[in-house]
Structure formats: C-alpha cells, structure tokens
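Readers should treat all values here as calculations from the given coordinates under stated rules, not as data from a laboratory. Since the model is a prediction, treat every value here as computed from it, not as a measurement. All Cβ positions, glycine included, derive from the backbone under ideal geometry; neighbour counts span all protein chains shown.
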Amino acid sequence: MNITKKGKFGRFGGQFVPEVLMPALEELEEAYERFKDNPDFKKELDYYLRDFGGRPSPLYHARRLSEKYGLKVYLKREDLIHGGAHKLNNTLGQALLAKYMGKRRLIAETGAGQHGTATAMAGANLGMDTEVYMGAKDTRRQRMNVYRMELMGTKVIPVTSGSQTLKDAINEALRDWVSNVEDSYYLIGSVVGPHPYPTIVRDFQCVIGNEVRQQIMEKEGRLPDSIIACAGGGSNAIGTFHPFIPDTDVKLFAVEAGGSGLKCTDKAALHSASLSVGEEGVLHGARTKILQDPYGQILESHSVSAGLDYSGVGPELAYLAETGRILPVNAEDSEALAAFHELSRMEGIIPALESSHALAYLAKAADSGELGDIVVINLSGRGDKDLEAVLEKVGQL
Amino acid sequence: MRISDKFIELKGRKEGALIAYVCTGDGDTGEIVHALVKGGADIVELGLPFSDPIADGPTIQASIQRALDAGMNPDKYFDMVRKLDVDVPLVVMTYYNLIFKRGLEQFAKDCSDSGITGIIVPDLPPEESGELAGYCEKNGIDLIFLVAPNTKGSRLEDILKRGTGFLYLVSRLGVTGARADVALSTKEVLDRVKTDTPRAVGFGISSGEQAASVFKSGADGVIVGSAFIDIIASGQDVTGRLQALASEIKSSLR
Ligand SMILES: Cc1ncc(COP(=O)(O)O)c(C=O)c1O
C-alpha cells in the first residue's frame, strides 16, 4: 500500500547493505512473493500458529483496569502465545518461508532473548539448524533465556564487539549471513533491516491486528477509539496497527521507552525513543529514525526493558509517524515499572516490561480524554522473563 | 591525483596496483601512510571509522574501535587527510550513515577539498547510490562499487555501467580479513566480470604470493587491509614492517 517497488515507505526504508547481500535479498523477495499467497504455505502456517502457537489469542476486557481509568480497556493477549510473546508469529512465518526456500540453517539476533527463544522454538519444531547471536552483556543479563535456547538445540553465540548488545548482535548476524548466504536464512526479529524484511515481518505480525478487528467487532460492534502498543523495533506495534491504518478515526499510539529521560550523553542515549526524538539516518540496512551523535555514529540506547533497547526503529513506523497517522509517545522506566505492578495486582496478569510501556501510557493519558471510550492495548508478552530485572530495580528504588 | 591516471601509469609499466587500506586514527596515520607509499603502495584507502561496521571482520573492527576510542571523527579526518603529503590517489572508505549525516554534497566537497579522489561505501549498493554519485561527479571524485562472487545478470551490468575509478572485486562471500585461501572464486569472478574499468581484488589478500596469483589471474590490482592492520595492532616496529610488507606485495605485482 505505501510500499513502492524498491521497498520504500515514503523516503524511509530501502536496502543499504553490502553487495554480497543484494542477491540474497532479491532471492528472499522473490521467494516471499511466490509463497505468501501459496495455499499450501498459508495452510501450513495457519496450522502452526493455531496448534503449536495457540492462536487466536483472546481479546480480554480488563474490567478492573477499565473501572479505574473510566474507559473500556481491552487487552490483546499475545502474552498467551507459546513462548510468551508475539515474537513467535514472525519466527514461525519466516522459518517456514526459509524451509520452502530450501535453506537448512537459521541465523538470528536477539537482545533479551525473546526473539532468540521464538526462533529456537520454530527452528527445533521445523528441524533446522539454528544459531543465535546475542551481545555478551545480554547473555550474562539473561542467562535463563540462553539456557532456554540451548535446551531447544540452538547454539547461542556471544558477541563481544562494540557495545555487546542488540545492535552488535545484529551486526554479527549480518556478517554471518554475508559469509553463508547460500545455505542460511537470516531470520530478523523485528520490522527493521533492509527491504523486504520490514514488509515480511509486518505481514506475519498483522495476524494480531486482524484478530483484534474481528474480536472487537464481535464484542462491541464497532472499532476502538484508540490502540496502544509498545515500540522497540516496532513489530508488535505495526502488526497491531496496520489493519487499522485506513480507519482514520482510530488513533494509534506507539509507546517508546523513555528510559530515564529523553536525554543523551556523548556515547549513549538514556532512552530508546528513536521515533520521538531520533534523527534520520541509515542503520542496519534501512533509512529510518535512529539515535546518533552529530557525526552519525550510532548511540547506545537504554531501557529497563531489554526488548525496547534498540537505537533504531522500523522504517514504516518512521514514515507513519511523519505523516501523522501514528502518534509516537513514550513512557519512562519508572512509569513502566508502576504499570507492571498495577496490572499484576489488578488483573492477575504479569506483563512483559516492554508491554508495560503500553500500559503506562494508558495511565498517563486516560484523564486527558484523548484515548476515547474504547481502547485496545496490545499486551505483547508476559513478564515472567522480567522478574529478576524487576527485583533488581525495586531493590534500587 | 585521479585514480584513472594512476592505473594508466601502471599499465604503461605493466604493473599491478597495490591498494593499501588502513583505518585513520588507529596509530600515527601520517607515518603509516608514508611507510606504505615508500614500500610501494600505489593507492591508499583511508578508512573513516564508523561505530557499526557490518562489512568488516574482527581485525578491522578492532582497528575502527581503537580509532574511535582515540577520538577520530569526520572533522579531524578531513583535517588529517588535508595535511598528508603523498603523491598517490587517496580514497575514503566509510559507511553510509556518516556521509548521510554530514550531507552528501558537503561530504563530496570535503573529499575534494582535502585531496580525496575516490569513495568506497560498503553498505551502499548501486540501487541507493544515485544521489551521491551525482555529487561525486560534480566534485571530480570516483564512486567505487563492489562486485561480489554472487553479483550476476542485470545487476552486474548495472554496476559495470556505473563504476568509475576501479571496480572492487570481493574475492569471496564474507567480511574483510586475512585468509590463507584467497578463494578459487577470484578467478571465476575475474573471468566473468569484463570491463574497461580497472579491476582490483580485495578481502583476504595478505601476502606477496597471494597477490601474485591474483595478478596472474588477470586483476589490475590487489587491495590489502587486514594484513597491514595486524602490524599496526602489534605496535612492534610498525613503519618498518609496513614498508617491508608493502614492498614484498608490490614486487609480486611487477
Ligand atoms: C514482549 C515484547 N514486546 C515487545 C518487544 C519489542 O519488539 P517490537 O517493537 O518489534 O515489537 C519485544 C522484543 O523483544 C518483546 O519481547
């Protein structure tokens, strides 16, 4: 719809990658065009999403939260999907595509380990060799996720270059792909990277928004007034928003990690709000909004939630923010932590710290009236993975 | 000095070009460049360090990190290049975001003002290069494209049409770094890529022996980076050994 032939969303997107990868991206684009509407492929993917992944996920009316904030709040329960997050929608789709393409090996990057875990699940289930790059710092912070991946037969490779976090893991995954393009498939974890990845990942995540649409029509007989989702790379956000983009009465809020405030030091940002305050640049193959210094060196990002801790954002989100169709907002670490505790106590659901940012925006904006009467919040994941991080933070408070 | 003039000069002497890459700001770049040129380097590629160098292997990544830690940035880079007093073509190698952030036109002007006559951007395929190519042309600078072992068909033709200065043939699928085996694919690529633009082969070449075999296969030059950077990283007799290695490789190209 907004996409031109060369994979641009307005002036965002594109393919800024080493020459070696250009033929691989071409092959990927052709394969995706060939298989995405292929009845066998669709049937198989639907089967895995349903019987392996647990789809459709419920749209839950959060009664007590609704009472507190004086509007009707629905939670899209991606936390109930196998693995505990929306990430599996994408990894099943791409792993199956890789299989149809005749690739035998999957490469992925991971920050906190959520996408790595979802890739490990798809890889094990489809019988493919799986290797996941993870910043050495993150492998220490997220030991349990490393172990989860290893249990499923995935090889986790610690990355010691650069800042040893997600952006460096992506760099290393790209370097691996450059060296092994012939038999390997790079399974990227969000709507970032060179064309066609932002489109492919969005399409596989649109299952969220398509279900929301049907479910809200069944429950309310009308569309919601607003939809809120957190945005790191932006895959759960665009997957939820995209089916509603033509419905201009539905407000779409992308909540970024405000970290400890929208400020930067020389080497690092104290936040991950690339959509809100980032500048235009080129990172990991795409022109988009990024956190960078005045020379264009990439700044490290910060967030209490590892899944939002990324210096870039998907190019389609950058485009939609610029046209005003989606509204970039943010929630700081402390606000997300408060929302984390609130949902746990009031609804008996422990949300992922990423999703807690979306919940935090409800708390921030409910009084202003800008959310309208019916709001859908995408609960992108469950918080079991975050208990250690939260304990540590609460200890510090 | 323009790159094409250098290749004409070398052709007259039936020599292959030694193109040396180093990362600016890792060590004393002025001394390093002089040693390389004294040893016989015909063209020098001066890396402008970027925080996220996805096309580079561990050796050059580490060099880039040292340069960044030592405070190298694009302003200092152009100052330093301007002061270099060598009579060989100078080429900047950097990633696209640094060019984009400075502004494409400004970057091309800064290159021209500081004596740079070529630009290599490993993450800028021809599909995205139109705008920069325009400013390069205006400023008398060659935009140098890479050709990989898997670059074929209409994309290859397109690159051959656009390429100026020299074509950078990547010897194998992978990132930069010295390798014992400079793949067989080198010969295959040289046989396949027919053009009047000089063809230089890079990624993995680290010795005179390898350079000789690439030269015999029909290349007009070789690009050597990681092998020089290993010497710089060692900190031991850097200029002496750089000059010696440059001279060893250059002598295999005659
Ligand atoms: C539960 C959860 N939500 C959100 C995200 C952020 O990713 P994206 O913005 O691509 O949805 C992550 C990433 O790991 C996650 O695990």
TODO: Just grab the label-to-label distance for B:E137 and A:E392, each label 7 Å out from Cα along the Cβ direction, in nm (one decimal).
DONE: 5.4 nm
Open item on the list: Taking the Cα centroid of segment A:341-381 and of segment B:116-177, what is the distance between the two, rounded to the nearest whole Å?
Closed with: 49 Å
- [ ] Taking only Cα atoms and a 10 Å spring cutoff, compute GNM fluctuations for chain B and point out the largest among B:G57, B:G221, B:G235.
- [x] B:G235
Open item on the list: Below 8 Å between Cα atoms, with a sequence gap of 6+, how large is the relative contact order for chain A in percent?
Closed with: 19 percent
- [ ] Tally the DSSP beta bridges in chain A and give the antiparallel ones as a percent, rounded to 5.
- [x] 30 percent
Task: Order of A:I290, A:I200 - criterion: other Cβ atoms within 10 Å of each residue's Cβ, fewest first - done: A:I200, A:I290
Task: Positive-end extreme of charge dipole, segment B:1-156 - chosen from B:M80, B:L36, B:A62 (charges on Cβ) - done: B:L36
Open item on the list: Given R₀ = 25 Å, what would the calculated FRET efficiency be for B:D87 paired with B:T195, taking r from the Cβ atoms and rounding to 0.05?
Closed with: 0.40
- [ ] Towards the positive end of the charge dipole of segment A:196-280, with charges on Cβ (+1 Lys, Arg; -1 Asp, Glu), say which of A:F241, A:L223, A:G261 has the farthest Cα.
- [x] A:G261
Open item on the list: Quick check: Cα centre of segment A:277-335 to Cα centre of segment B:29-48, how many Å?
Closed with: 38 Å
TODO: Quick one: grab the alpha carbon gyration tensor of segment A:355-397, order the square roots of its eigenvalues as a ≥ b ≥ c, and give me rounded if a/c is under 1.5, else prolate or oblate depending on whether a/b is larger than b/c.
DONE: oblate
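Quote the charge dipole size of chain B about the Cα centre in Debye, to the nearest 20; the model charges only the Cβ of Lys and Arg (+1) and of Asp and Glu (-1).
660 debye
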- [ ] Compute the Rg to Rh ratio over segment B:140-254 from the alpha carbon atoms, using the Kirkwood formula for Rh, and round to two decimal places.
- [x] 1.00
- [ ] Can you bin segment B:1-58 into rounded, prolate or oblate? Criterion: square roots of the alpha carbon gyration tensor eigenvalues sorted a ≥ b ≥ c, rounded for a/c under 1.5, prolate for a/b above b/c, oblate for the rest.
- [x] prolate
- [ ] Taking only Cα atoms and a 10 Å spring cutoff, compute GNM fluctuations for chain B and point out the largest among B:I223, B:I99, B:I119.
- [x] B:I99
Task: Within segment B:134-150: backbone nitrogen closer than 11 Å to the B:L104 label point (7 Å, Cα to C-beta) - done: B:134-137
TODO: Please list A:176-187, B:32-43, A:49-60 highest first by mean number of surrounding beta-carbon atoms within 10 Å per residue.
DONE: B:32-43, A:176-187, A:49-60
- [ ] Provide Rg over Rh for segment A:297-397; use the alpha carbon set for both Rg and the Kirkwood Rh (inverse mean inverse pair distance).
- [x] 0.99
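Mind giving me the FRET efficiency for A:S368 and A:A136? R0 is 51 Å, r the Cβ-Cβ distance, nearest 0.05 is fine.
0.75
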- [ ] Sticking with the crude label model, points 7 Å out along Cα→Cβ, report the distance from B:D79 to A:T160 in nm, one decimal please.
- [x] 3.4 nm
TODO: Provide a whole-number value for the mean count of partner chain Cβ atoms within 10 Å of the Cβ atoms in peptide A:286-296.
DONE: 4
- [ ] From other protein chains only, count the Cβ atoms within 10 Å of every residue's Cβ in B:53-63, then give the mean.
- [x] 4
Open item on the list: Give me the one-decimal nm value for the distance between modelled label points at B:D237 and A:Y47, 7 Å along each residue's Cα-to-Cβ direction.
Closed with: 6.8 nm
Task: Hits among lysines - C-alpha to C-alpha of A:K87 under 16 Å, sequence gap 8 or more where chains match - done: A:K76, A:K385
- [ ] Using a 10 Å cut-off on Cβ to Cβ distances, tally the other chain neighbours for every residue of B:114-126 and report the average as a whole number.
- [x] 3
Task: Placed amide H near A:L299: partners under 5 Å, 5+ positions off or other chain - done: A:L291, A:Q292, A:D293
Task: segment A:126-192-segment B:67-85 distance, computed between alpha-carbon centres (Å) - done: 34 Å
Open item on the list: Report D for the protein assembly as shown in µm² per second (integer): Stokes-Einstein, Kirkwood Rh on Cα pairs, 4 °C, 1.567 mPa s.
Closed with: 51 µm²/s
- [ ] Can you tell me the FRET efficiency between B:S251 and B:A70 if r is taken as the Cβ-Cβ distance and R0 is 45 Å, rounded to the nearest 0.05?
- [x] 0.85
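Using only C-alpha atoms and all pairs of different ones, pull out the Kirkwood radius for segment A:108-157 in Å with one decimal.
10.2 Å
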Open item on the list: Just to confirm a number: summing +1 for Lys and Arg and -1 for Asp and Glu over residues other than A:H115 whose beta-carbon lies under 10 angstrom from that of A:H115, what do you get?
Closed with: 0
Open item on the list: With +1 on the Cβ of every Lys and Arg and -1 on the Cβ of every Asp and Glu, and nothing else charged, how large is the dipole of the protein assembly as shown about its Cα centre, in debye rounded to the nearest 20?
Closed with: 780 debye
- [ ] Considering the options B:T117, B:L104, B:A246, tell which one lies farthest towards the positive end of the dipole of segment B:100-254, charges being +1 on Lys and Arg and -1 on Asp and Glu at the Cβ, about the Cα centre.
- [x] B:A246
